[in-house]
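Written out below as structure tokens is the structure these notes cover.
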Amino acid sequence: MDGVLKHVGIIVDGNGRWAKSQGKSRSEGHLAGSNNLEKLIIHISNTDLKYLSLYVFSNENFKRDIKEVSYLMNLFVKMFKHVSKKYKDYNIKIIFSGRRDKLPINVLKEMDKLTRETKDNTGLVVNFCLNYSSHLEIIDAIKKIQKDNLKIEELNEDIMNKYLYQDLPPIDLLIRTSGEQRLSNFMLWQLYYAELFFTKTYFPDFTEKEYDSIIEDFYKRNRRFGGV
Ligand code: FPP
């Protein structure tokens, strides 16, 4: 590992509280969050970052009111349809992490289409964590390892990485919006040496400028990876 920033993770949070503070519905908050995310992804694709992981729907989020869940699922479908051409123009490659079960068929269809359509792009890789749980990712990896009859003595960090949903480098910097200071079951394996950055800004108000200032702050931190 070196000090270069390759992989940023963002826990997208605060759409609901943003909406409340504006006298709007939670759905309006999610729509504003989604529009903001679209802008932010394009901005980041113009920097030299290689990987961006976004926590947009956790496995636990299925516990929310069915109306909110179904609004979000439809929003994902709309957003994925809408951005497809744009991502091709910006050379962005889309991948997904999470379990496929519980996701409606129309969401899965758009996820697969977007993955297919952007698979040869060589710019920023955006990893959407959708129906994602880090604990389940580790459990699913162990099940696959057993299925492949891999000798457990041979297991090492590189092999483990290959059995996760996506084989990605570690996250260097984690940003969580909305003032909450938790990891909420997000990419716990990949975050092992990440610098953590919490901002009080609700996600719909999180600007490209604030993102850039966090990146600047990251480069001022002294990362020792356990050394001196
Ligand atoms: C957090 O706000 C956000 C979510 C649960 C996920 C929704 C994310 C988006 C709508 C971004 C768009 C992404 C795509 C791929 C279309 P919250 O509801 O937890 O806010 P709160 O904690 O203030 O209630």
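The values are calculated or read from the model by the stated rules, or taken from the named source; none is laboratory data. Here the structure is a predicted model, which is why all the values come from computation and not from measurement. Cβ sites come from the backbone with ideal geometry, for glycine too, and all protein chains shown count toward neighbours.
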Regarding I105, is this residue of a type in the set (A, V, I, L, M, F, W, C), within 16 Å of the ligand (Cβ to nearest atom), under 20 Å from F57 (Cβ atoms) and modelled with pLDDT of 95 or more? no
Can you spot a residue in region 159-172 that is at pLDDT 95 or above, in a loop (DSSP other than H, G, I, E, B), away from the ligand (no atom under 16 Å from the Cβ) and of a type in the set (V, I, T)? yes
Condition test on D212, is it in a helix (DSSP H, G or I) and farther than 22 Å from R99 by Cα? yes
Please go through region 35-57 and pick out each residue that is within 9 Å of the ligand (Cβ to nearest atom) and touching a helix residue (DSSP H, G or I) at 6+ places or on another chain (Cβ under 9 Å). N35, N36, L37, E38, L54, V56, F57
Would you check which residues across region 166-194 are farther than 23 Å from G226 by Cβ, buried (at least 19 other Cβ atoms within 10 Å of the Cβ) and not charged (D, E, K, R) and list them? T177, S178
Among the residues listed as L155, L173, the single one being touching a helix residue (DSSP H, G or I) at 6+ places or on another chain (Cβ under 6 Å) and over 25 Å from G29 (Cα atoms): L173
Here the qualifying pairs (Cβ atoms under 7 Å; residues six or more apart or on different chains; first in region 133-146 and assigned to a helix (DSSP H, G or I); second of a type in the set (F, W, Y) and surrounded by 15 or more Cβ atoms within 10 Å (Cβ to Cβ)) come out as S134/F186; S134/W189; E137/Y165; I138/W189; A141/Y163; K144/Y163; I145/Y163
